[in-house]
Amino acid sequence: MGVSYTNIYGEIDGRFYNCMLQMYAEVIRTDDTGKLIEEYDERIAAIVAGTVGIGWGFHDVLAELYEQIR
């Protein structure tokens, strides 16, 4: 939802993106079996793809987190 919101309304502030990154990282950390990530891989990858061009280093950090689970 955060990516959609940004793409509709424009860039927010760094605090907003830090919260989004923390939530994304938390999902990755809590899925110790890998089943959720496997089931939702397409959606997780789409989140990263949808952030290209968004500032504050948002895309770069999401891409790094995604690569950790690949």
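Each listed q (0.17 Å⁻¹) maps to a log10 I(q)/I(0) for the chain, found by the Debye formula over equal Cα scatterers with no solvent: -0.58.
Rolling a 1.4 angstrom probe over the protein heavy atoms, how many square angstrom per residue are accessible across the chain?
Working: 5010 Å² over 70 residues.
Computed with neighbouring chains in place, this is 72 Å² per residue.
Taking every protein chain into account, the 1.4 Å probe leaves R29 with about 150 Å² of accessible area, to the nearest ten. With the charge dipole of the chain set up from +1 on Lys and Arg Cβ and -1 on Asp and Glu Cβ about the Cα centre, the Cα lying farthest toward the positive end among the listed residues V48, N7, L36 is that of N7.
Computed about its Cα centre, the charge dipole of the chain is approximately 140 debye, with only Lys, Arg, Asp and Glu carrying charge at their Cβ.
The values are calculated or read from the model by the stated rules, or taken from the named source; none is laboratory data. Nothing here was measured: the structure is a model prediction, and the numbers come from that model. Glycine also receives a Cβ, built like all others from the backbone with ideal geometry; neighbour counts cover every protein chain displayed. With ligands, DNA and RNA removed, areas are computed over all heavy atoms of the protein, side chains included. Shrake-Rupley method; radii C 1.70, N 1.55, O 1.52, S 1.80 Å.
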